[in-house]
Amino acid sequence: MNQEFQRRAQSSDPIEKWSEWVLFTDLDEETFTRDFLNSTKETHRIDDWTAKCPSYDSSLRLLLTKICLSPHEVASRLFETLLSTALRPMGLDRAIRLLGTTRVYGTSGRKEPDGSWAPHRPPRGHPKNMPTVVLEVALSETQSKLSSDVRFWLNQSHGAVKVVLTLAINRKGPQITLEKWELRNDRQHRTGRVDISMGNNKRIRVEGGPLVIEFEKLFLRPAEDAREGDITIDTDMLEELATEIWKEQEFVEE
């Protein structure tokens with residue numbers, strides 16, 4: 001079971017990654033009982049995946065189960081989609097490399113981000129596979145861990161990473177904090193913050209938006225025509241991001 005869910009998580013096929021159902025064949029009853037029935041009553045959690053509503057036919061040895069992403073995984077994938085959407089009016093949604101969780105080696109360590117991007121055609125001297133913008137998502141991580149992540153990207157990338165975005169998800173209620181970090185005078189500085197929350201009236205409140213990523217920091221070149229400019233994740237996009245995360249947390253109904 002574990003191997004199948006991990007294979008899906010690492011798949012390069014977006015249809016397979018986002019497919020809602022998975023069918024297991026030649027599954028004996030002992031394995032089904034151990035891995036599903038005796039795991040939890042309703043869900044079976046494997047890393048960033050959750051298996052729900054298992055339907056098992058012992059005579060055919062078939063298991064059909066619904067899979068869902070964790071809030072952590074939803075956040076990183078949807079943010080990547082929103083970034084591409086913001087670039088599309090400029091005709092640049094295919095001009096960035098979606099490096100995703102590609103492992104990056106720093107000055108004295110290595111790390112895998114939750115999301116990362118770089119221009120397809122960086123200037124000469126830019127390290128291979130080194131992103132210019134990085135996303136780190138925190139669901140279970142402490143604030144100190146998130147701060148450590150920011151330090152790694154800004155201090156160990158030899159200046160290649162220009163912007164670090166952190167997305168902190170509150171486990172106890174519908175609240176999300178997005179922060180933007182940059183290196184200034186050799187020290188990390190928070191250069192933006194967006195708070196997204198939902199009140200008792202179910203209305204979403206966005207404070208500090210929109211989230212703006214400077215064009216030159218992502219593409220390592222100045223804008224060249226009237227269409228090109230800073231990348232803006234606007235209020236509607238931020239609300240969509242929050243809503244999808246909260247659905248997975250069951251703070252918002254499907």
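Details
- Leading residue by the ranking (nearest to Ala75 (Cα to Cα)) among those in the range 231-254 that are of a type in the set (Val, Ile, Thr) and free of Cβ contacts under 8 Å to residues at least 60 places away in the same chain: Thr243
- Consider the range 162-216 and keep the residues that are more than 19 Å from Gln143 (Cβ to Cβ) and among the polar types (S, T, N, Q). The one that is least open to solvent (accessible area, probe 1.4 Å) is Asn201.
- Taken over the range 93-105, the criterion of being open to solvent by 20 Å² or more (accessible area, probe 1.4 Å) and touching a helix residue (DSSP H, G or I) at 6+ places or on another chain (Cβ under 9 Å) is satisfied by Asp93, Arg94, Ala95, Leu98, Thr101.
- Number of positions in the range 60-87 that are part of a loop (DSSP other than H, G, I, E, B) and modelled with pLDDT of 85 or more: 2
Conditions tested, residue by residue: (1) open to solvent by 40 Å² or more (accessible area, probe 1.4 Å); (2) modelled with pLDDT of 95 or more; (3) more than 23 Å from His126 (Cα to Cα).
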site: Leu218; (1), (2), (3): no, yes, no
site: Arg221; (1), (2), (3): yes, yes, no
site: Asp230; (1), (2), (3): yes, yes, no
site: Leu241; (1), (2), (3): no, yes, yes
site: Val252; (1), (2), (3): no, no, yes
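- Any hit, the range 88-98, residues being touching a residue at least 40 places away in the same chain (Cβ under 8 Å), closer than 15 Å to Leu165 by Cβ and not in a helix (DSSP H, G or I): yes
- Listed conditions (1) open to solvent by 70 Å² or more (accessible area, probe 1.4 Å); (2) at pLDDT below 80; (3) under 22 Å from Val133 (Cβ atoms) are all met by Arg7, apart from (3).
- Number of the exception - Pro113 against (1) open to solvent by less than 20 Å² (accessible area, probe 1.4 Å); (2) not in a loop (DSSP other than H, G, I, E, B); (3) not aliphatic (A, V, I, L, M): (2)
The values are calculated or read from the model by the stated rules, or taken from the named source; none is laboratory data. What you see is a predicted model; the values in this text were computed from it and never measured. Every residue, glycine among them, receives a Cβ derived from its backbone with ideal geometry; neighbour counts consider all protein chains shown. Each accessible area value is taken on the protein alone, full model and side chains, heavy atoms only, with ligands, DNA and RNA left out. Shrake-Rupley method; radii C 1.70, N 1.55, O 1.52, S 1.80 Å.
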